[in-house]
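K.L.:
Here it is: the structure, laid out below.
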Amino acid sequence: MTDHPIAPGGTIGIVGSGQLGRMLSFEAHRLGYRVAVLTGGTKDTPGGRVADIEVAAGYDDDLAVQRFVDTCDVITWEFENVEVDMLEHLASRSGVPVRPGSSIIAAAQHRGRERQALMAAGVPVAAFREVTTTRQLVRAVTDLGPPVIAKRVRFGYDGRGQVRLASVDEPAARRIVEKIGDDGLIVEEVVPFDAEVSVVVARGITGEMTHHGVMENVHVNRILDTTVTPPLSVSHRVAAAAVDMATTIAEHLGLVGVLCVEMFVTGEELVVNEIAPRPHNSGHCTIEAASTSQFGQQLRAICGLPLGDGSCRPAAMVQLLGDLWNDPSGHPPGWSEAMADPGVHLHLYGKEEVRPGRKMGHMTCIDVSPDKALERALAARRRLWRRP
């Protein structure tokens, strides 16, 4: 594998082809790169529609994965819940670099390995237990709470595959283990946080690092609803500590690419919640707010190019879920009404299937302060509900 820069004209391979792959493809095309996506099996995906090559095959299809690898000059990720060993083996055999490396993906896709990696990096995490049996679950609830949060160790996102427990007896514990605990569970103490923040950090092949500052996030029904930067309710000391914590984790993991670190703020302290070794929807406002967005940094890092300026102007992002399309009249959301504010930027992800709670797009706004940006973005989203 080479550490020489991959020049424009090369092909960027993306594992996954949802909205993150779509937005990375836009950035790659802007700089003259070609893009290949490995979809996992689905055809005509949001990322595949804008890529040069769409390999619509499963992540466990060795012939298709080899075909994908053979088209690429470098491979990166927009989705970490895949079996990484085969891809790593085929890429290594072909001499194609995979960035971030599969060891980081393997840690991020399993909550137990993730917690172990975070503790090895020396950052604080919530007290937890790894659970595989009914008896262990009952004991963990007693030891750590109540209440506690029980989460499946794999394939949980946007609140899926987790449950809050105030108490549990053996029959209830058995039902939980059978329902969401096929691969095991992580049981964590509930952190009484004052705010949720995230930091997206980029690290290049030489160890060069940069970041986009601190994003403050609000979740509704366990799905990210709004993000502002700089944070509205976090001290400068805590913000600096959050950046330091994110860069420490990136350095410890040997990251090449981008990494989002989500944290809880409790008073003047931080607790790391989880990591994502890819762009993250809490960093979407960087597309308009920064000279180099999180997608631009991902592309630069994996291609061995110098990282850009990630500093952000005051900005806000609001999520657009499938609920917006659920109107009895059948009329679409009021796009014209929402975009009556010329400072509002609309991003739709090209997803055909609309479901309540599904991320269909987002809107951002830049202003003189984060609260003003958020006010305008929220107002624009409210106008989407206006129908003819």
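K.L.:
Sort largest first and round to whole Å: the equivalent ellipsoid semi-axes of the stretch 208-333, each the square root of five times a Cα gyration tensor eigenvalue.
P.N.:
Its equivalent ellipsoid spans semi-axes of 27, 19, 13 Å.
K.L.:
Could you check the spin-label model distance between Glu83 and Asp169? Points 7 Å from the Cα along Cα→Cβ, value in nm.
P.N.:
4.1
K.L.:
How large is the direction-averaged shadow of the alpha-carbon convex hull of the stretch 89-234, in nm²?
P.N.:
11.1
K.L.:
Can I ask one more? Spin-label point model (7 Å from Cα, Cβ direction): what's the His331 to Arg113 distance in nm?
P.N.:
Label at His331, label at Arg113, 5.1 nm between them.
K.L.:
Restricting attention to the stretch 246-351, which GluC sites (Glu not before Pro) occupy a DSSP loop and are surrounded by at most 12 other Cβ atoms within 10 Å?
P.N.:
Passing sites in the stretch 246-351 are Glu268.
K.L.:
Can you return the lysines within cross-link range of Lys372? Criterion is Cα-Cα under 29 Å, with same-chain partners fewer than 8 residues away left out.
P.N.:
Result set, ordered by chain and number: Lys359.
K.L.:
Which value, in Å² and to the nearest 10, is the accessible area of Val123 when all protein chains are kept and the probe is 1.4 Å?
P.N.:
10
K.L.:
Can you tell me what the convex hull of the Cα atoms of the chain projects to on average, as an area in nm²?
P.N.:
19.3
K.L.:
Here's something else I'd like to know. Return the ratio Rg/(2.2 N^0.38 Å) for the stretch 33-165, where Rg is computed over Cα atoms only.
P.N.:
Expressed relative to 2.2 N^0.38 Å, the Cα Rg reads 1.31.
K.L.:
Next up: Accessible area of the chain with a 1.4 Å probe: how many percent of it is carbon plus sulfur?
P.N.:
Roughly 50 percent of what the probe reaches on the chain is carbon or sulfur.
K.L.:
With a 10 Å cut-off between alpha carbons and a GNM built on the chain, which of Ile223, Ile275, Ile249 moves the most?
P.N.:
Greatest mean-square fluctuation among the candidates belongs to Ile223.
K.L.:
Additional query: Out of the DSSP beta bridges found with both residues in the chain, what percent are antiparallel (nearest 5)?
P.N.:
Rounded to the nearest five, the antiparallel share is 80 percent.
K.L.:
Right, something else. In percent, how large is the relative contact order of the stretch 63-185, given Cα pairs closer than 8 Å and 6 or more residues apart?
P.N.:
20
K.L.:
Just to confirm the filter: which GluC sites (Glu not before Pro) across the stretch 146-243 are DSSP coil and have at most 12 other Cβ within 10 angstrom of their Cβ?
P.N.:
Sparse-neighbourhood loop GluC sites (Glu not before Pro): Glu208.
K.L.:
Could you bin all the Cα-Cα distances of the stretch 289-336 into 5 Å bins starting at 0 and give me the percent of pairs in each, rounded to whole numbers?
P.N.:
P(r) over the stretch 289-336, rounded to whole percents: 5, 16, 16, 12, 10, 11, 11, 11, 5, 2, 0.
K.L.:
Run the 1.4 Å probe and let me know the accessible area of Thr134, rounded to the nearest 10 Å².
P.N.:
30
K.L.:
Going by Cα centres, the stretch 102-168 and the stretch 218-237 are how many Å apart?
P.N.:
For the stretch 102-168 versus the stretch 218-237, the Cα centre distance is 23 Å.
The values are calculated or read from the model by the stated rules, or taken from the named source; none is laboratory data. What you see is a predicted model; the values in this text were computed from it and never measured. Every residue, glycine as well, gets a Cβ built from its backbone with ideal geometry; the counts of neighbours run over all protein chains shown. Heavy atoms of the whole protein, side chains included, go into the accessibility calculation; ligands, DNA and RNA do not. Shrake-Rupley method; radii C 1.70, N 1.55, O 1.52, S 1.80 Å.
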